[in-house]
Amino acid sequence: AGGGVGGVDRLVLKFTTLSDGNEKASFCLDTRGGTIGRGLENHVCVPSDTTLAKLRHACVEYSNGEFQLVDTSSDYHAAVRVGVGRAAQAWPLTKTAAFSSGNSIFEVVDVELHPTPAVSLAVRTGPRKGETLVVGRDGATLGRATDNTVCIPDRELSRRHSRVSFSNEGDVPSFYISDLGSTNGTYVQLVGPYAGRYPLHLNDHILVGRTGFSVNRFDFGISEETGMRRSMEDKSIMVQDMRVPELRAVAPCSPQTWMGIYDGHGGTEASHYLWQQLHENVKNSLAMVAPRLNYADASGADVALVDEIVIGALTESFI
């Protein structure tokens, strides 16, 4: 995953799953970090999630200039959503690795690579709890539809939800878990080969117990109302980290967050183009002035000069 969130001194965790209780809509954590659990004494408290430990199921800590997720549970371990934010698109499955899809948790209990590749998955929770699934070289898809290799009757699953695949490319042949664009996501737990501190990035999604959170720089909400119109021509966007690599070393300019609301009175094509392209123009303009910003920051230049360079880049991107 690489280094986590840098340049920010707080994170906002927002629910990505529905809650049955009266929990807050979001939780703000500063560099002191915080615990996640069912009890009110936690910084992030979700009383309605009975899979959570009462105290400190997991915690977020700030260390070496980044926020990190740490699992401290004995069951329903903290997990990271595959392919969202900066999480890898595919995670190697080695012995004792575990992942969840819908209500099912799968643990890798055995991996054979020679002569015939096969991975054995013990189903720890869900409709097929107690079974052991063996997936061979051809891989398998998991989902609700009957045409999957592994069909699981679970409404939390998409029709085609997750894929277990085998690859002999690279130094070591491996099985991998990936998501197939599911609604509720595939999560890799922070146990076994992935135990330890996980660096959090903006836009990451995490699962603690059965509660999902997105990792945000700001607390925000979006509301749309068509009114008398038959359709919504306006567009809105929030890119929490534009990831301009040339600016990573410039503390006042990293990370870069872009928020925009584009009026649709000019037509759907105009608002859609701005929604797709304007922040990319801004990103390219900032990359072009990065050498000047690096020099200004390194030489201790007044913040007014940094502002002038950034404003110039923004103006150029609008032209």
Rel. contact order, % - alpha carbon contacts under 8 angstrom, at least six apart, the stretch 95-182:
20 percent
Apply the Karplus curve 6.51 cos²θ - 1.76 cosθ + 1.60, θ = phi - 60°, to the phi angles in the stretch 188-202 and return the couplings in whole Hz, x for Gly and Pro.
9, 7, 8, 9, x, x, 10, 5, x, 7, 10, x, 8, 10, 4
Students often forget the sequence filter, so: which lysines lie under 29 Å Cα-Cα from K24 once same-chain residues fewer than 8 apart are removed?
K14, K54, K235
Please state the shape class of the stretch 249-314: rounded when a/c is under 1.5, otherwise prolate if a/b exceeds b/c and oblate if not, all from the C-alpha gyration tensor.
prolate
Excluding exposed DSSP-loop trypsin sites (Lys or Arg not before Pro) (at most 10 other C-beta within 10 Å), longest clean stretch of the chain
33-154
Taking the Cβ of S254 as the centre, find all other residues whose Cβ is under 11 Å away and add up their charges (Lys, Arg: +1; Asp, Glu: -1).
-1
State, as an integer percentage, the relative contact order of the chain based on alpha-carbon contacts under 8 Å between residues 6 or more apart.
16 percent
No solvent, one uniform scatterer per C-alpha: report log10 I(q)/I(0) for the stretch 145-265 via the Debye equation at q = 0.13, 0.16 1/Å, two decimals.
-0.91, -1.14
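So how strong a dipole does the stretch 207-319 carry about its Cα centre when Lys and Arg Cβ are +1 and Asp and Glu Cβ are -1, to the nearest 20 debye?
Taking the Cα centre of the stretch 207-319 as origin, the dipole is about 420 debye.
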Long-range share for the stretch 129-175, i.e. C-alpha pairs more than 17 Å apart as a percent of all pairs, stands at 42 percent
Below 8 Å, C-alpha to C-alpha, sequence gap of six or more: please give me the relative contact order for the stretch 169-225 in percent.
18 percent
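With the cut-off at 1.5 for a/c, could you classify the stretch 79-138 from its C-alpha gyration tensor as rounded, prolate or oblate?
Oblate is the answer for the stretch 79-138, as a/c is 1.5 or above yet b/c matches or exceeds a/b.
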Over the chain, with the other protein chains present, what is the accessible area per residue in square angstrom, probe 1.4 angstrom?
52 Å²
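Of the heavy-atom accessible surface of the stretch 58-134 (probe 1.4 angstrom), what whole percent is carbon and sulfur?
47 percent
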Give the residue from I311, Y76, L274 lying farthest towards the positive end of the charge dipole for the chain; charges sit on Cβ (+1 for Lys and Arg, -1 for Asp and Glu) and the dipole is referred to the Cα centre.
Y76
Search the structure for amide H atoms under 5 Å from the amide H of L93, placed 1.01 Å from N in the peptide plane, and list their residues when 5 or more places away or on another chain.
F175, Y176, I177
Dipole of the chain, Cα-centred, from +1 at each Lys and Arg C-beta and -1 at each Asp and Glu C-beta, to the nearest 20 debye?
840 debye
Lys and Arg at +1, Asp and Glu at -1: add these up for the other residues within a Cβ distance under 11 Å of A118 and post the number.
-2
Candidate aspartates and glutamates - alpha carbon under 16 Å from K95, same-chain residues fewer than 8 apart omitted:
E107, D110, E112
What is the sum of charges, Lys and Arg at +1 and Asp and Glu at -1, for the other residues whose Cβ falls under 12 Å from the Cβ of W91?
+1
HN-Hα couplings for the stretch 128-144 via Karplus (6.51, -1.76, 1.60; θ = phi - 60°), in whole Hz with x for Gly/Pro, come out as 10, 3, x, 7, 10, 9, 10, 10, x, 4, 6, x, 7, 10, 10, x, 7
Taking only DSSP H segments of four or more residues, each worth -39500 (n - 2.57), what value at 222 nm results for the chain once the sum is divided by all its residues, to the nearest 500 deg cm²/dmol?
-4500 deg cm²/dmol
Once T149, T94 are ranked on solvent-accessible area with the largest value leading and a 1.4 Å probe, the list reads T149, T94
Whether the chain is rounded, prolate or oblate, judged on the alpha carbon gyration tensor where a/c under 1.5 counts as rounded:
prolate
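The values are calculated or read from the model by the stated rules, or taken from the named source; none is laboratory data. What you are looking at is a predicted structure, and each value in this text was computed from that prediction instead of being measured. Positions of Cβ are backbone-derived with ideal geometry, glycine not excepted, and every protein chain shown enters the neighbour counts. Quick note on the areas: whole protein, heavy atoms, side chains included, nothing else; ligands and nucleic acids left out. Shrake-Rupley method; radii C 1.70, N 1.55, O 1.52, S 1.80 Å.
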